[in-house]
Structure formats: structure tokens, C-alpha cells
1. Going residue by residue through the stretch A:573-583, is there one that turns out to be within 14 Å of another protein chain (Cβ to nearest Cβ), hydrophobic (A, V, I, L, M, F, W, C) and open to solvent by 50 Å² or more (accessible area, probe 1.4 Å)?
2. Only one of (1) touching a strand residue (DSSP E or B) at 6+ places or on another chain (Cβ under 9 Å); (2) part of a helix (DSSP H, G or I); (3) open to solvent by 10 Å² or more (accessible area, probe 1.4 Å) is not met by A:LYS171, so which one is it?
3. Within 12 Å of chain A (Cβ to nearest Cβ), more than 23 Å from B:THR246 (Cβ to Cβ) and hydrophobic (A, V, I, L, M, F, W, C): is that true of B:LEU325 in this structure?
4. Could you check B:THR496 against (1) under 24 Å from the mean Cα position of the chain (by Cα); (2) modelled with pLDDT under 90; (3) within 9 Å of chain A (Cβ to nearest Cβ) and say which number it fails?
5. Between B:SER41, B:SER48, which is of a type in the set (S, T, N, Q), open to solvent by less than 30 Å² (accessible area, probe 1.4 Å), under 18 Å from B:PRO480 (Cα atoms) and under 22 Å from the mean Cα position of the chain (by Cα)?
6. Give the residues of the stretch B:288-322 that are within 12 Å of chain A (Cβ to nearest Cβ), of a type in the set (Val, Ile, Thr) and touching a residue at least 60 places away in the same chain (Cβ under 8 Å), sorted by residue number.
7. Of the residues in the stretch A:584-608, how many are more than 14 Å from every other protein chain (Cβ to nearest Cβ) and of a type in the set (Asp, Glu)?
8. Consider only pairs whose beta carbons are under 6 Å apart and that are at least six residues apart or on different chains; among these, list those whose first residue lies in the stretch B:6-28 and is more than 15 Å from B:THR97 (Cα to Cα) and of a type outside the set (Lys, Arg) and whose second residue is open to solvent by 60 Å² or more (accessible area, probe 1.4 Å) and part of a helix (DSSP H, G or I).
Amino acid sequence: MNSILFVVLLPVLGSFIVGIFGKWIKKSLIGIIACCSVGISFLISAFLFIKIINLPVNLRFFDKVFFQWVPVGHFLVNFGFYIDPLSILMILIVTGVSFVIHLYSIGYMKEEEHFSRYFSYLNLFVASMLLLVLADNFLLLFMGWEAVGLCSYLLIGFWFHKKSAADAGRKAFIVNRIGDFGFLLGILLIYHTFKSLNYSAVFSQAPLILKHDNGVATAITLLLFMGAVGKSAQIPLYVWLPDAMEGPTPVSALIHAATMVTAGVYMIARTHILYQFAPISMEMVAFVGIITAFYAASIGTVQFDIKRIIAYSTISQLGYMFLGVGVAAYSAGIFHLMTHAFFKALLFLCAGSIMHACSGETDLRKLSGLRKYLPVTFWTMVIGALSLSGFPGTAGFFSKDDILAHAYMAPYYGKFLWGLGIITAALTSFYIFRIIFIVFRGDKQQGNHPHESPKIMTVPLIILAILAIIGGYVGLPELNFIHRFLSPVFLKTSALSSSIELKTMLVSFIFSLGGIATAWYFYIVNPSLPGIIKKNVAGLYRLLLNKYFVDEVYERIFVLPGKKIASFFSDVFDTKYIDGAVNETGKWIKINSEQWKKIQTGYLRDYVLIILIGGIILLGFFITKIH
Amino acid sequence: MINNIPILSIIVFLPLLGAVLVSFIPGNKYSLIKSVSFLFSFITFLLSVFLFFVFKPSVGTFQFMQTIPWIKSIGANYSIGIDGISLFLIMLTTFLTSIAIVYSFHSIDSKLKEFMIFMLFLNTTMLGVFVSLDLLLFYLFWEAMLIPMYFLIGIWGGERRIYAAIKFFLYTMVGSVLMLAAILFIYFIHKKATGISTFDLQSLISYSTAHIPFKTKLFLFLAFALAFAIKVPIFPFHTWLPDAYTEAPIPVNLLLSGVLVKMGVYGFLRFAIPLFPEIAHNFFYPIGILAVIGIIYGAFIAYVQKDMKKLIAYSSFSQVGFIILGIFSFTNTGMTGGVLQMINHGISISALFLLVGMLQQRTGKRGINDFGGLSGSMPVFSAFLLISILSSIGLPGLNGFVGEFLILLGVFKVNIALTAIASTGIILSAIYMLWMFQKTSQGTSANENIKKIPDLSLKEILILVPMILIMFWIGLYPKPFLSRIEPSVKNLINTTTPGQFTTSVEPSFLLIHK
């Protein structure tokens, strides 16, 4: 288990080598170094995975401490890794998907001037994400948590010359910090409650301490959830993710779809023992999840930018995952996290391939008829879209329905959660097939000379497409490998009745098929229809197109008043009042001394007079004292 | 063996010796002036590193003590010693002085000789403050420090240097005069009660905690607190800071923001709190609230600054709020975090000032709107700038986070609401710092010259690299620091917790002198 350190160290090393010496290394070698560091990391993870599987179920937990990180008296936080089925599965997903995307990046970023900087950030990201997943305590988790945020910031603003990219990066960092503010307070409260930040210590004490104090459990979990809402782009802190598409597309695939944004889901699954003592928080998680899922999907139906549509789709799918962990279906949530990593990374990389073919174009109105020119991209994207829509037989089908079936059984408003989830499924298949139909069907637009991407990009697409199908079979209802593998971590998971499972599968299949059919009817059969609908519900359309005006509202409520307060403090309060008071004191003393100065006449007679008066007063004083 | 060498005295007075030597060198022999001043500051630094290794970590009380009668008639002694708190402040001082002196080789172009004399003299006075265990000696160093600082700002500063220097001088004086009055007051009532004339800190502490009435102590504490609050500064005594920081030359900025600010905090730790512990404990709310106001208020103001130096100045003001908050939490973690944060703050803020200085030297400008896209023309500069920014906004893995987290952990124990409000500082600092980064290093600049600025030279990189390494070191492995700070903090807490003064102070004090 010592080799776990190398899983994290290799990408760190890769990042440093490429980052510092990149100027002097050939591009091809940079690609090899970056890919190898992640690839070997993946191999070690796979090796550890096999090792763990061969162990008896109750021996699959390790806490590997490397050194004391922050020791102050009784307070101690170690630098240590926690290895269990959950973290092993996560590092497999992270390193696996990362490796594929690293490969793809070599082709996609070939012309990039700052090739080495790109790979340095990307490697650093992988290391940070692994740290987040492997940490054995909350503080180290937080370090990974903020570090992935930093990498996200760096990569969104990768093309720093563009103001929009720089703005988007900053926005992402700051919005995430708002979430992290809550997360940090949550960590403080955890220490205050349990006198430790170590997972094992906290979780083992949780039943004893939290049983009697529901309020603390609720407070802790809600604060942690605030962090998750920021990182995983849920309402109300999702606003950074659509803008994050300013970054290179492989980054969107890796960080803003497959891995980093799922950290919130992982965190809740990891701390589910605390959540179980806070039913209010669970409800909150489930509701925020399902509402975000529906809300983001509704925006996705009318946007024109492919990457943004997929970004809203990511927000929506993350909502499903939160719904899953919110109804205590932890392994279902993690299962969907995994399948989503495959098909969403695939969809983004396909979008990248389209951009690669059409000189960076992402506007749906300017793309069409690409099927003939990009056959691999077309077929793989269709697979990704089917998987996202939850089409039977694909990965998304198993994982999404798993969540919805659990939602149905939830103690609170189960049917509502389930129903909204089903409707969202219909919207999902509509918006994704809208892209497919518009981009690939019809005639090619003039002026474009589309060409299929090179092998280094299409092979990753094919790998991910295969995973987007077979990835679901680990969660096949009867065999259910993934649930059995994760079950030692999540002791209490409610059992599903197979009738509900069947019902969910059937209904969600019908709805998603309906979504696809609608998209087909709108964009193939009767292309004038969308225009007519637009006119009839112009208000709703504008609301959706402008993303419910949330960015504008935030600007009005937070950003502008903040600037005004800052200017007031700076230009008025500090200069006029506080510093004014200081300077006025100085002036006052000066003016007064001007007056007192007049006493100093310089004439001897005046001084003698004053001495005389002083002497008399003193004399009088002593005389009265004697009496 | 080490006990026989007065290593502390050597460290304190070596720079002064250097200053004297430099004064004998003709003013036009630049390279000789440079090498002598650097040599003295650097040897002092090396000695302080040596001090780090011979320092016994687990001892919470004073080490390397040395007492020589100084002015016998009034009982003042030359009495010095350090604990884990002052150890790192000494190292910080010697480190930053060496860096400042190296940096001034290129940035100071007039009256180099005088500049170096003042810098070395300043170094001695700062070190003196951190080692003094005699109130009069402490006051002497505290005041003496103003002299070189006044000239350093007033002669080598920017356009409004005279205004800034006088303001800095007078403002600080107002506070210290009251402190002097308080020192004399304690001295005389102690003399009256015991017949012994002494300025010895430990004797006065044991007398003050046991015998001075509460009300009197309250006023005495306020006198000390004002002097230190101005120096830190604590809101609303901060307005000298933006002026002084903006006008001072960069090497002086390092010492001003890196060390001088810490003298205020140190004053609380070493003098105000031990002398009047129960008063200090009662001041958690007044001072804590002011500190939190400072954190938020400073952050807001920083956000709208156009001058990078001013932005950093206000950010510095905002961040010292955390330090004060940690100190006044009177918890082990909070205070240890506060002390560690003094070092962190010293390192990150100095790095930021150096970077601004390097830009200013190249272009003569330092407004955030004067630049843009520096990541393209100056990638190394931008990388260093970003790391320093991240360190100062408390990104985990870098130094600032460890300090801030420990502080918040300590304050949380005392008051949750105040912790929550203070924590918004982590959002605000990200807002203004990343704004500065975007305006300078991202985007593009309309000015063609900006696109052609040369990146950092090897020399400049070598100046910055040690600071960057320290940021990572403290962020990833702070144990060597914490294990030396914590015992002293613990000792401080034990001796100043209400109900324990009379019993625990005197025995430990007696032990040391045996």
C-alpha cells in the first residue's frame, strides 16, 4: 500500500518537470512525460484495486500516515491517505479518464505555443484531485479541494490574453471560495465537536456524539454542503461553470465534467455518516440536486453554444448525483459519477473534435452536415448522447435509473423527486439530440473545410465510447458489482424493490425516447416549428435564453453594491473621516500652539511677572496646606 | 560551550558594527559599501539560523539569557533572551534585512552609503526590540528604530515622502510616549512598594499581576495597547500605513511591512499581555471586533486601489487583523497560528513588494491599469506573483493557510460568530488579489512597451526563490516552526490565565535565574 504515494507523486513530478524545464524540452517529449506520469499512476491504481479486491471485505480499509502535517499541542493533522473501496474506485476513475484526456490533449493542443504550461497545469490538477480523494482527514481534503480549484482557475484562464477567459477564471475561483468559506467553517465545527479532523476518528465517534445533538449534525453537514454546492456547481453557486468553458475543451472534459466538479458528490458520500444524523441536510441535498437538475436542463434546451449546452448538462447531471446521495443512495450516486465521467468526457471531447474540424466554431447556428466528414466523432458522440439520455443498454441507463428508483422510495416527497427527475430526463435527451441533429444532419455550411481529427484524438473518443456503454454493466441490477464493492463503505443503503426499479426503467425510457423524438421532429422533420414556438412563448424563451437572468441579478445584488461600498470606504470614509481626524488633530495642535506662541514674548519683564505669579500661587498652596 | 558565547548580543550588534564600518568607507566606493553591508547583514542571518539549531524546542521559557547592569542608579539592566516567539521574529528580521540590502544594490541610486548605514542601524534596533527583557532597554530600541526609519522614508521615498515620514514618526510617537509614561508608572509604584528599582520584565510582571489594582492596570494596559495598536496597526489607527507604505522605497517596505508591523503584535505578546493578563483577557471583544472590522474594511478598500503598492498596503492591514484575532483568542492554536502568521505575512507581503518594485524599476509605473498580459512577456515574474498572491490569500499547501486555519480554529473556540465574519476575509482577499493579478498579468496591454518588458533577471530570481521556498516549506511541513513556537505560547498562556498568576509566574522566574 506504500505505492499509493506514487500515485500522487508522479503527476506532481510531471508537473514540475514540464512546468520548470518545459522551455527546453521538445513538445513530443513533454507529451510523453505528462502522459506517462498519469498513465503509470493509473497502472498503480489498477494494481492496488486488484490487490484490494483479493482481500476479505472487512480488511479493505487502510489509513496510511506519512508525516505529521500540522501539530500544535493536542491538535494534530497528519499527511495521510485513506484507502478503501470508495477512494480506490475514485482514483481509478480519475487517473483513467485523465490519462485518456491527456492523450487527446496532445493532438488537440498541438499548435499551442504554451504547450508545456498546459500540461504542467493538467498534471498538477490530476495530483490535486488524487490528493482530494485520498486524504485521510478533512484538512488534507480541503487542501486538495482548493488545489483543484486553483488548477481550474489556471486552466480556465489558460488563454490569459482573452479578457473573457481571465474573467471566467477569476469568477470560478471566487464563487468557489464562497462555497469554501462554508466548507472551512464546517471543518472548524467538526474539530470543535469531535476534537479531531481524522476521518476514522470523526466517523467512529459520530454515532455517539451526534445522536444527541441533531443541530450540530445539521450545521456541520449544511456547511460542508455549501462547499459542495460551490465546487459541484449547484444552485445558487453554479454560475461559474458555464463561463468555465472559456478554457481549452479537454480541460472542460476533464475538470469541468468528469472529475473536479464531482468532488462535492464524493465528499458527501465520504461523510455520509454525518449526513445520516441530519435528515434536514439530506432533504436539502436531494432538493437542491433535483431542482438544479431540472433548472440547468431547461436552460440547456435553448442555448446555441455546444460547449455551454454540455456545461449546463453537466450541472444538471451533477444534480442527479446529489439527488442520489441526498436520498441515501450513495453507491448509486457514485455509480452515476463514474458513468457520467465516461459519457460526459466523451461528449466534451467530441465537441472538441468538432471545434478542431471547424476552426473553433461552437455556435449551433453555424454548424451542420458534419456526419460525412467526421464519422468517428459522429458515432462516438451518438453513443455519448444515448448514454446521457439513459438509453437502455448504455451506462447512463443503469446509473440514472438507479438514482431515480431510490428517489421514489425517499421518505420525503419521493414521488415529486422521481417525477421531476423523469421530466428532466426528457429535457436531457432533447437538448443533446438537438445538438446531434443540427450538427451532423443536413447540408454542410459553406466556407468550412471540416476534417476528421487525427488518431491521437479519435482513439480516446473510441475508448470513452466503449466505456460509456460497458461502464454501466458493473451496476447491472442483479449482479450489481459496484454496489457490492462499495457496500462496506456505505453500511446502510436502502434495498430496492424490483417492481419500482422496473417501473422507473420503463417510464424514464419512454420519456427520454420522447425527448429524442421531439428533437428529431423539431430539427429534422419540421425545422420551422422551433421558430413558431419561440414566437408563441417569447417570454419563457427569453427567460431561458438569458439563463433566468441570474448573472445579471447577482451583478446587481452583490457586485455593484460591493464596489460602491468599497469606493465609499476608500474615497470618503477612510480619507475624509479616519485620516481626516488624524490630520485635524495635527492641525488643531498647530493652531493652538500658534496661540500659545504669543505668550513667549521674549521680554524679560513678562517672564519675571509669570514667575512671580507662579511663586505666589505655590506659596499660597503651601500656606493653606500647613493650616 | 554555547552558553559562554553571548550569541544574542552578537546578533543584535553585528549590524551596528557594520554600520560603523560603512561610515568609514568613502561614499564613492560603491562596491565596497555594498559588500560590507551585505556581509554584515548576511552573517547576522547565518547566526540566526545557527540560533535556530541550538535553540531547545521544547523549552517554553527564555533561552540564551544574558544580564549585565546597565544604568545602576535606576536599576536598568541590559537584559536579553529569547523564546520560540522571538526566535522566528529574529530570523525573519535578519532574513528580510539581507534580502532588502541585496535588493537595494540596484534600486537605490543616490546616497548609497547613508542608506546602508541607516539600514544596518535599523536592523540592530529591530533585533533589539525582539530580545529585550528589560522595559527601559526595550523602550530604547523601540524609539531608536524610528530614527533610521524616518530618514529612510524621508530621504529615499516617493513624492510625498516628507509628509509620510513625519506622519509615521509623529503617529508612532504619540503611542510610545504614553507607553513610556506607563512604564515609568509601573517602575515607580514597584519601587515604592518593594524598595527595589528595576525595569526587569519578570519582576515587574510578578509585581503587576499580584499587586496593582484592577483599575490602574486598565489604564496602564490602554497606554501600552495604544502604542502597539498604532504600530500593528489596528483599526482605526491605520492611516499612517498606506502613506508610509506607498512612499517608502521598496527595500524599506520589506522591513516596514515585514518586521515593524510585527513589533506591535510582539509588544502585545511580550509586554501588554503578561503585564496585565486579566485586562488583556477582557479585551478579547473590543480588540477582536476591531481586528475583524480591519479585516473586512481593509479588504474592501484594497479592492478599489489603483496603485499596486497601496493595494498591497491595505491588504497587509487587512491580514494583520487575523494575527491580532489569533493572539487575543488566548488559545493554544489561535496564538501559535498568530505567531506563525507573523512570519507568513512577513514573507508573502515582502515578496509582493519586491515584485512590484521589480516592475516599477523596469517601467517607472506601478498602477494596476498600467500593465496587462505580463504572463506573456514576463512568465517567470507572473508565476512568482501568482504564488505570492496565493500564499497571501491562504491557499492550502502554502504558508498562509496553516497560520490562518490555526487562528480560526482558536477563535472558533471563543466565539463562533466572530470567526464566521472574519472568515469572509478569505473570500474578499481572493477578490482583490486576483483582480490585481488579472489587471497586471492577464489580458493585453495597449502599451507596446509593456509587451517588451524583459523578464526577471537571474539575480532577481535568486532573491525571490528563497521566499517562495519558505512559502512551500511552511505550507507543507510547518512542524519545525510549530514545535518551537507552541511551547512558548503554551507557557505564555499558562502564566497569563486568570487565577494562576501569583502561583506560576514566580517559580519559573526564579528557576531561570538559577
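1. Looking for residues that are within 14 Å of another protein chain (Cβ to nearest Cβ), hydrophobic (A, V, I, L, M, F, W, C) and open to solvent by 50 Å² or more (accessible area, probe 1.4 Å), one finds at least one in the stretch A:573-583, hence yes.
2. Evaluating A:LYS171 over (1) touching a strand residue (DSSP E or B) at 6+ places or on another chain (Cβ under 9 Å); (2) part of a helix (DSSP H, G or I); (3) open to solvent by 10 Å² or more (accessible area, probe 1.4 Å) leaves (1) as the failure.
3. So B:LEU325 fails the test.
4. Here B:THR496 meets the rest and fails (3).
5. From the options B:SER41, B:SER48, the qualifying one is B:SER48.
6. B:ILE296
7. Selection size over the stretch A:584-608: 2.
8. If the second residue must be open to solvent by 60 Å² or more (accessible area, probe 1.4 Å) and part of a helix (DSSP H, G or I), the pairs left are B:ILE25/B:LEU32.
The values are calculated or read from the model by the stated rules, or taken from the named source; none is laboratory data. All values reported here derive from a predicted model rather than from experimental measurement. Methodologically, a virtual Cβ is constructed for each residue, glycine included, from the backbone with ideal geometry; neighbour enumeration extends over all protein chains shown. In case anyone asks, the SASA skips ligands and DNA or RNA and just uses the protein heavy atoms, side chains included. Shrake-Rupley method; radii C 1.70, N 1.55, O 1.52, S 1.80 Å.
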